[in-house]
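Encoded as structure tokens, the structure appears first; notes follow it.
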Amino acid sequence: MKYKLLLLDLDGVVWRGKEILEDNVKAIRLLEDKVKIVYLTNNSTRSRSEYVERIRSCGLRVEINDVLNSGYIAAQYIISRGGGTAFVVGEPGLTEELVKAGIEVRVDARRVDYVVVGMDRFFTYNKLAKASHYIRDGAVFIATNTDSTFPIEGDVSPGAGSLVAAVSVASGHKPDFIAGKPNSWIIELIGEKHPGIKKEEILVVGDRLDTDIALGVKAGVDTLLVLTGVVSRKDVAGAKYKPTYIEDTLLDFVRKTGLL
Ligand SMILES: [Mg+2]
């Protein structure tokens, strides 16, 4: 088999909102014994342990080290720079990832080393003021992701990128590091955690061109676009980042390529 590690997106691949995507899940079950499965999401509102629970509830096998969210990636980046103190604009899941990695999260410090901004449904003027003050004062500005919106039933809601934009305008600084997809640093991180696996043995699977597929293209790894999420086949023609493979579902891919 060509691929030894599948890097799977969650929303649009394993589930879509509350609905479980049965064909994809069936394929993952078939693949679990044959390849390493790692889940990767740009969502930072839930902690990795919450994702483990939800993935297991779909009947899949997963351990915490096989789940990467943008909060965890942000934490790993800070640790790779020697750690430090951080102010967080984000929900408890983000703070939990940073604290678990050994980063000191401060609420009322005079200065901090990092400001980490993610999706925050409890965003306030006070948080915006503090975050921009720390950044102007020299703190490294980390965004979990810059997705401007995310889909909800029949509409979209403001995403982390909308809050990152507010902090950028208020501080006069763009983020120094964007943790989520499509940052190819994620592939380096995976390479460090799975030293036996080469880049050409990794396949990124996702439903979005601008995050999942862009990640693979930028990092030089193969990609599979599944049409179980936000993108349809006609969206691919004009896209900047094009997938290696396109299939309706992951199960179609598994059947066609004979990975079974
Ligand atoms: Mg997705």
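Only the coordinates and a few stated rules stand behind these numbers; no lab work does. All of these numbers come straight from a predicted model, not from anything done at the bench. Positions of Cβ are generated from backbone atoms using ideal geometry, with glycine treated the same way; all protein chains shown enter the neighbour counts.
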Taking 8 Å as the Cα distance limit and 6 or more residues as the minimum spacing, I'd like the relative contact order of the stretch 73-178 as a percentage.
25
With a cut-off of 8 Å between alpha carbons and a minimum separation of six or more residues, what is the relative contact order of the stretch 1-93 in percent?
29
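Strictly over 23 Å apart at the Cα level, which of Lys198/Lys234; Lys36/Lys256; Lys18/Lys242 would you flag in this model? Don't skip to the end; give the middle numbers.
Working: Lys198/Lys234 32 Å; Lys36/Lys256 20 Å; Lys18/Lys242 28 Å.
Cα-Cα > 23 Å for Lys198/Lys234; Lys18/Lys242; rest within.
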Taking Lys240 as the anchor, which lysines have their alpha carbon closer than 21 Å to its alpha carbon, excluding any fewer than eight residues away along the same chain?
Lys181, Lys218
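For the stretch 137-248, compute Rg over Rh where Rg is the Cα radius of gyration and Rh is the Kirkwood radius from the inverse mean 1/r over Cα pairs.
Details: Rg = 15.9 Å, Rh = 15.5 Å.
The Rg/Rh ratio comes out at 1.02.
How high is the FRET efficiency from Lys174 to Lys2, r the C-beta distance, R0 30 Å, rounded to 0.05? Mind dumping the intermediate values first?
On the way: r = 38 Å, r/R0 = 1.27.
Computed FRET efficiency for Lys174 and Lys2: 0.20.
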Positive end of the dipole of the chain, charges at C-beta (+1 Lys, Arg; -1 Asp, Glu), about the Cα centre: which of Gly138, Ala74, Pro92 has its Cα farthest in that direction?
Gly138
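Counting only other residues whose beta carbon sits under 13 Å from that of Gly161, what net charge do I get with K and R as +1, D and E as -1? Present the calculation step by step, with values, prior to reporting the outcome.
Details: positive: Lys174, Lys181; negative: Asp120, Asp147, Asp210.
Cβ neighbours under 13 Å give a net charge of -1.
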Between beta-carbons, use under 12 Å as the cut-off and find the net charge around Ala109, counting Lys and Arg +1, Asp and Glu -1.
0
The answer for the net charge of residues other than Leu94 whose Cβ lies under 10 angstrom from its Cβ, with Lys and Arg +1 and Asp and Glu -1, is -3
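Give me the orientation-averaged projected area of the Cα convex hull of the stretch 1-95, in nm², one decimal. The partial results should precede the final answer.
Working: hull surface 28.3 nm².
The number I arrive at for the stretch 1-95 is 7.1 nm².
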Test item: Cα-centred dipole of the chain, Lys/Arg +1 and Asp/Glu -1 on Cβ, debye:
400
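Taking the Cα centre of the stretch 73-178 as the origin, how large is its charge dipole in debye, to the nearest 20, when only Lys and Arg (+1) and Asp and Glu (-1) carry charge on their Cβ atoms?
On the way: 10 positive and 12 negative charges, 93 e Å.
Once rounded to the nearest 20, the dipole reads 440 debye.
For the chain, what is the calculated [θ] at 222 nm in deg cm²/dmol (nearest 500), taking -39500 (n - 2.57) for each run of four or more DSSP H residues and dividing by its residue count?
Working: 10 runs with 92 residues, N = 260.
Here the helix-only value at 222 nm equals -10000 deg cm²/dmol.
For the stretch 73-178, report the convex hull volume of the alpha-carbon atoms normalised per residue, in Å³, without decimals. Present the calculation step by step, with values, prior to reporting the outcome.
Details: hull volume 9.8 nm³, N = 106.
Considering the Cα atoms of the stretch 73-178, their hull volume per residue is 93 Å³.
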Computed from the beta carbon distance with a Förster radius of 41 Å, FRET efficiency for Ala129 and Thr257 to the nearest 0.05 stands at 0.20
Identify which of Lys130, Lys181, Lys18 has the largest mean-square fluctuation in a Gaussian network model of the chain, with springs joining Cα atoms closer than 10 Å.
Lys18
Rg and Dmax in Å for the chain, alpha carbons only: what are they?
18.2, 58
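If you average the sequence gap of Cα pairs under 8 Å that are 6 or more apart and divide by the length of the chain, what percent do you get for the contact order? Mind showing how you got there, number by number?
Details: 521 pairs, mean separation 50.2, N = 260.
After rounding, I find 19 percent.
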